[in-house]
1. If a residue has to be out of contact with any Phe, Trp or Tyr (no Cβ under 9 Å at 6 or more places or on another chain) and free of Cβ contacts under 8 Å to residues at least 40 places away in the same chain to count, how many in region 127-149 make the cut?
2. In region 64-96, what residues are part of a loop (DSSP other than H, G, I, E, B) and over 10 Å from residue 6 (Cα atoms)?
3. Among 107, 121, which is assigned to a helix (DSSP H, G or I), out of contact with any Pro (no Cβ under 9 Å at 6 or more places or on another chain), surrounded by fewer than 20 Cβ atoms within 10 Å (Cβ to Cβ) and modelled with pLDDT under 80?
4. Yes or no: residue 22 farther than 20 Å from residue 176 by Cβ, surrounded by fewer than 16 Cβ atoms within 10 Å (Cβ to Cβ) and at pLDDT below 90?
5. Given the conditions (1) surrounded by fewer than 17 Cβ atoms within 10 Å (Cβ to Cβ); (2) touching a Lys or Arg at 6+ places or on another chain (Cβ under 7 Å); (3) of a type in the set (Gly, Ala, Ser), report the number of the one that residue 78 does not fulfil.
Amino acid sequence: MIKCGDIGISNRPSGWYPRGVRFFTRSNWSHCFILGVPYLERASVLEADLKVQLVDWEKEYIHKRKDAWMIFEPILASNSCRVSAAEETFKFYNGMTYGFLQIPWFTVRAFLKWIGIGKTTRNYFPSGVICSELVLFYLKKLGGEYEESFKHLTLDETSPQDILTLIYSYPNLFKFVAAREL
């Protein structure tokens, strides 16, 4: 069902953090991830949670049943390109801490937009890494049409909703694979 390099968008219905992300990004989704290279012969997920790490797909996303999710396959990228881009993303970000200070900036930007001050860009607290930054880096590493289609997004101002919006905007680049609702 899933392959290395597939993109996941997820949501945990409970908890203050996922609720805050959904509220300030005006999204139904609060997290995104990359289905990673098999680790110890098991499907893994490359994600930025408390830090960038590989977690077991079955254990964290199937058996726990805490997250709703959707999986999309980047259909124009070869398997070897997907594996290479996933490995490069893992090597670049492995072990980095989560960018908790980036989240208040999303809040400030949302507030300024709501009161009509206009679109602000660039995160003033680019320390650490957030999930959408990890996925965007991966998509750009796929090259070709993926790099071109996502080039207008910057790493420190992209949300899971931005990733999902572009996935839906480019049906020639992505194929829906699976979903779980809670």
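1. 2
2. Selection gives 64, 65, 66, 67, 76, 77, 78, 94, 95, 96.
3. Being assigned to a helix (DSSP H, G or I), out of contact with any Pro (no Cβ under 9 Å at 6 or more places or on another chain), surrounded by fewer than 20 Cβ atoms within 10 Å (Cβ to Cβ) and modelled with pLDDT under 80 holds for just one of 107, 121, which is 107.
4. Here the answer is no, as residue 22 does not meet what is asked.
5. Residue 78 satisfies every listed condition except (2).
Condition check ((1) modelled with pLDDT of 80 or more; (2) assigned to a strand (DSSP E or B); (3) crowded, with 20+ Cβ neighbours inside 10 Å) across all residues:
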residue	(1), (2), (3)
29	no, no, yes
33	yes, yes, yes
46	yes, yes, yes
59	yes, no, no
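The values are calculated or read from the model by the stated rules, or taken from the named source; none is laboratory data. It should be emphasised that the depicted structure is a prediction, and the values quoted were computed from it without experimental measurement. With ideal geometry, Cβ positions are generated from the backbone for all residues, glycine too; neighbour counts draw on all protein chains shown.
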